[in-house]
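This report refers to the structure that appears directly beneath it.
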Amino acid sequence: MDAAGDPHDPHEVTARPVWRLLVRGIGLFLPEWGAPPQAPVPVDRSAVAPPVYLDPRTGFGLQLRLRGRLRGLQPDREVYVRGRQSPGYGIVIAGPAAAVGSRVVDAAALVRYARRLVFAELYDPADAAGMPAAVRAVRSVEAAVLLDRAGGVGLCAEVDRATGELRCPLAVRLDGTGGGVRAYAVGGRLAHSVNSHS
């Protein structure tokens with residue numbers, strides 16, 4: 001998160017790495033759902049509908065109804081690295097939100113899950129020398145995007161590298177009936193259409 005910008009301003013959100021990660025994720029995992037960019041549409045708090053909820057401190061979250069144990073869910077994922085001197089890691093996760101393993105998927109749960117996936121992607125148990133690099137990568141996760149195609153929802157979490165604060169500034173609605181992808185920002189609660197070509 002850029003300390004100079006207002007973390008609650010939706011226009012500032014679109015300038016941060018978590019937005020770029022969302023756009024990349026849509027381009028990679030949901031290219032057929034892209035929609036032409038539209039002007040931001042203001043929405044109020046009442047537009048947040050289950051399973052999405054809005055917490056004033058941590059941003060958006062998902063309240064799931066889990067049935068039984070959901071073991072073995074392996075979502076598609078792509079890890080991205082930004083910067084060279086002090087790299088920041090981001091991950092796009094495309095699969096069921098239930099794979100996170102919690103009834104409540106908020107910033108903390110999503111980042112914790114993202115870190116497990118980044119570690120699994122980067123650590124090779126046959127090469128113990130790779131452990132320190134994988135641990136550094138886990139500590140450098142700064143953004144995670146979850147796209148649940150079947151559930152029609154998504155969530156975008158970010159970590160403030162200076163403070164360690166976790167937030168979900170964006171929630172996503174996936175409309176497979178031609179409505180495309182709509183992201184909702186916490187700040188002014190503006191809805192933006194997202195296009196993978198943005």
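The values are calculated or read from the model by the stated rules, or taken from the named source; none is laboratory data. Because the structure is a prediction, the values reported are computed rather than measured. In this analysis, Cβ positions are derived from the backbone assuming ideal geometry, glycine residues included, and neighbour counts consider all displayed protein chains. We work out accessible area using only protein heavy atoms, side chains counted, and drop any ligands, DNA or RNA first. Shrake-Rupley method; radii C 1.70, N 1.55, O 1.52, S 1.80 Å.
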Query - Per-peptide average of other Cβ atoms within 10 Å, ordering 109-115, 151-157, 131-137 highest first - result: 151-157, 109-115, 131-137
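Going by the alpha-carbon gyration tensor, a ≥ b ≥ c the square roots of its eigenvalues, is the stretch 100-147 rounded (a/c under 1.5) or, if a/c is not under 1.5, prolate (a/b greater than b/c) versus oblate?
Numbers: a/c = 3.05, a/b = 2.16, b/c = 1.42.
Prolate shape, in that a/c is at least 1.5 and a/b is the bigger ratio.
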Query raised in the report: Once label points are set 7 Å from the Cα along Cα→Cβ at both residue 55 and residue 112, what is their separation, rounded to one decimal in nm?
Result: 1.1
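Just reorder 84, 139 by solvent-accessible area, largest first, 1.4 Å probe, all chains present. All intermediate terms of the calculation are to be shown ahead of the outcome.
Numbers: 84 225, 139 185 Å².
Solvent-accessible surface, decreasing: 84, 139.
Between residue 161 and residue 139, 0.36 nm times their residue separation minus their Cα-Cα distance comes to what? Provide the component values of the computation, followed by the final result.
On the way: separation 22, 0.36 × 22 = 7.92 nm, distance 0.98 nm.
Gain in length upon complete extension: 6.9 nm.
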